[in-house]
Amino acid sequence: MSVIESITEVVGEKNVITDETDMQGFLVEWRDKYVGRSRAVVLPKTTEEVSKVVKICADTKTPIVPQGGNTSLVGGSIPFDAGDEIIISLKRMNNIRTVDTKGGTLTVEAGCILADLQNKAEELGYMFPLRIGSEGSCQIGGNISTNAGGVQVLHYGNTREQILGLEVVLPDGQIWDGLTNLRKNNTGYDLKHLFIGGEGTLGIVTAAVVKMYPRPKYQQLAMIAVPDPTAAVELLGLAREMSGDQVTAMEIIPRIAIDLVVKHVDGFSDPMPDRYDWQVLVELSSSASDNLHDLMQEILERGFEDEIILDAIVPASDTQQQKLWALREEISGAQKPEGGSIKHDISVPVADIPEFIQRADAALQEVIPGFRPVTFGHIGDGNLHYNPLQPEGADKAEYLAKWESVNRVVHDIVHDMNGSISAEHGIGRMKKNEMARYKSAAELDLMRKIKSVIDPANIMNPGKLLPDE
């Protein structure tokens, strides 16, 4: 019996896709940078089915690519061209298993769409704070496997901070049941952290216990024009100081980003009364105080006095606030019609953000004169999406051919500033060989030893995360 026939006996014929046309949605990264081939796409419904499928693959040395919503930005969920890998998609495993309102937790399966998880928490009077642009299609298993970030990391932390327990199918088919909802548990190594951010290279996350938080009763957003990134960083400190740390998000948005959204996305106009080079979105949240509007006004007054604010709008309704957030989330897609964009997901110490922007812009002008820097993101936690857009009128293919050389310039600056070349997107295929340049020999050695012990046959998402030897 073939591998595919054995797997079909486990999950049923309709849950094994072998037709290349039907598989296309699982084989292509949304930016079309990575396109792969696969022997089959397998869609199990239960952890037990995942376990049996992985056991078959382990016995036959068949490589596996775990896949969630396939919203990866670094090729981590796309198979290679050889066509010998099997994709295990968790999309059918989308149940919320248990609700604990007293403890403030949900036990959810890996295929749960992030937005559905958020909505469930809200129904219960809570919130789940992971907020990212792909939340309508990404799955919590993928969020866990990439340690996803988002706009509220400043206040709540990355995905890692939201996870109490995991259930994982290991590379030999064993099921590790670590679905604890304990907030204190000092009984040895905290194994869940091997799989959070592990990008499916050590096992397949099938379920998780996630934290819920009291839903803020009051929120106030403002879009604030600032003279430059240095003023934005100063405003962050001022807002946190004056609010008692009620700042739950702070995003920096350059002039070009607003122009691109207005130009390419229907229904948007520039929200500011005048044109400014830099804007920030600042969000205050509270479950106790209903005077956030007044507090925001006090922050703005102080900012004007300190000459770190040029202008501001404070929306009065939830609809207006949502429109500003929607503008922020459209920035990524609005770059596409302009041609080639070379992506960077970097982090540096918050205080060093202005220096990074200045150094990166100056260095790349030497390499690509006339490039257009689209620099935006989570200034509150030091994470910027630094996306050099091709010069107007340039050839897209020729520009994108410079991807690696541009990455090298930017990443060298990041490394020199004690930053990270991947703040929230992960490593995947795109950045794996960069690891050899920026990680120490001791760190890489530890990573490889962990991989070799847990997955000695190297069947679990091979060729991802770790650099080629």
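The values are calculated or read from the model by the stated rules, or taken from the named source; none is laboratory data. All of these numbers come straight from a predicted model, not from anything done at the bench. Neighbour counts are summed over all protein chains in view; Cβ atoms, including those assigned to glycine, are modelled from backbone coordinates with ideal geometry. Remember, those area values only see protein heavy atoms, side chains included, never the ligands or the DNA or RNA. Shrake-Rupley method; radii C 1.70, N 1.55, O 1.52, S 1.80 Å.
Structure data summary
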| quantity | calculated |
| --- | --- |
| Debye, to nearest 20: dipole size of the range 47-134, +1 on Lys, Arg Cβ, -1 on Asp, Glu Cβ | 160 |
| Lys, Arg +1 and Asp, Glu -1 on Cβ, resulting dipole of the range 228-361 about Cα centre, debye, nearest 20 | 560 |
| Amide H contacts of Ala40 (H built 1.01 Å from N, under 5 Å, at least 5 apart or other chain) | Ile87 |
| Estimated dipole of the chain in Debye, rounded to 20 [Cβ of Lys and Arg +1, of Asp and Glu -1, Cα centre] | 1360 |
| Interchain or long-range residues, amide H under 5 Å from Gly377's placed H | Ile252, His385 |
| Relative contact order of the range 130-172, pairs being alpha-carbon contacts under 8 Å that are 6 or more residues apart, as % | 39 |
| Mean separation of Cα contacts under 8 Å, 6 or more apart, over the residue count of the chain: relative contact order % | 15 |
| Whole-Hz couplings from phi, Karplus 6.51/-1.76/1.60, listed for the range 152-166; x for Gly and Pro | 10, 4, 3, 9, 10, x, 5, 3, 3, 6, 9, 10, 9, x, 9 |
| Peptide ranges 45-52, 67-74, 253-260 listed from the most packed, as the mean C-beta count within 10 angstrom indicates | 67-74, 253-260, 45-52 |
| C-alpha long axis of helix 229-243 to longest principal axis of the chain, angle in ° | 90 |
| J(HN,Hα) series, the range 169-176, from Karplus relation 6.51 cos²θ - 1.76 cosθ + 1.60, nearest Hz, glycine and proline x | 8, 7, x, 9, x, 5, 9, 9 |
| Accessible-area composition of the range 314-436, carbon plus sulfur, in percent [1.4 Å probe] | 48 |
| Solvent exposure of the chain as accessible area per residue, Å², 1.4 Å probe | 43 |
| Of Ile224, Tyr276, Leu194, farthest towards positive along the dipole that unit charges on Lys, Arg, Asp, Glu beta carbons give the range 187-334 | Leu194 |
| Paired Rg and Dmax values of the range 163-245, which use every Cα atom, in angstrom | 20.1, 56 |
| Crossing angle, helix 441-454 versus the chain [Cα axis fit, 0-90 degrees, rounded to tens] | 40 |
| Degrees, to the nearest 10: 353-367 long Cα axis against longest axis of the chain | 80 |
| Charge dipole (the chain, unit charges on Cβ, about Cα centre) - positive-most of Met435, Leu236, Cys57 | Cys57 |
| Charge dipole (the range 3-138, unit charges on Cβ, about Cα centre) - positive-most of Val11, Val74, Gln24 | Val74 |
| Helical mean residue ellipticity (222 nm; -39500 (n - 2.57) per DSSP H run of 4+; nearest 500) of the chain | -10000 deg cm²/dmol |
| Karplus-derived 3J(HN,Hα), 6.51/-1.76/1.60, for each residue of the range 256-265, Hz, glycine and proline x | 4, 5, 5, 4, 5, 5, 4, 6, 10, 10 |
| Under 5 Å, built H, 5+ apart or other chain: amide partners of Thr206 | Glu167, Val168, Val169 |
| Considering only the range 45-135, percent of DSSP beta bridges that pair antiparallel, nearest 5 | 50 |
